[in-house]
Amino acid sequence: MIRLSWESHWNDLNEFFQYLDKIRRVIYTTNAIESLNYSLRKVTKNRSAFPDDDSVYKIMYLAIGKASQKWTQPIRN
């Protein structure tokens, strides 16, 4: 599955690798990824089941929107 995903999204990945190292470092900073993962786990940990896939997508969408409001601080250096 990983290989198929990589191949089907190669154009997007290739574009990502065209960015400068400084910009790529900001994009995949571990702290940002962990912060988002924490926000997503926080909204799903108390729910044991979802009625359908759309309800999972909706709650994740809302959680990402709420988390992105916190990302207003300027990037250092």
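The values are calculated or read from the model by the stated rules, or taken from the named source; none is laboratory data. As the structure is a computational prediction, the values presented were derived from the model and not from experiment. Glycine gets a Cβ as well: all are built from the backbone with ideal geometry, and neighbour counts include every protein chain shown. With ligands, DNA and RNA removed, areas are computed over all heavy atoms of the protein, side chains included. Shrake-Rupley method; radii C 1.70, N 1.55, O 1.52, S 1.80 Å.
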Residues to consider are Leu4, Leu40; find the one that is of a type outside the set (Asp, Glu), surrounded by 10 or more Cβ atoms within 10 Å (Cβ to Cβ) and in a helix (DSSP H, G or I). Leu40
Considering only residues that are open to solvent by less than 90 Å² (accessible area, probe 1.4 Å), closer than 18 Å to Trp71 by Cα and hydroxyl-bearing (Ser, Thr, Tyr), which ones fall in region 7-29? Thr29
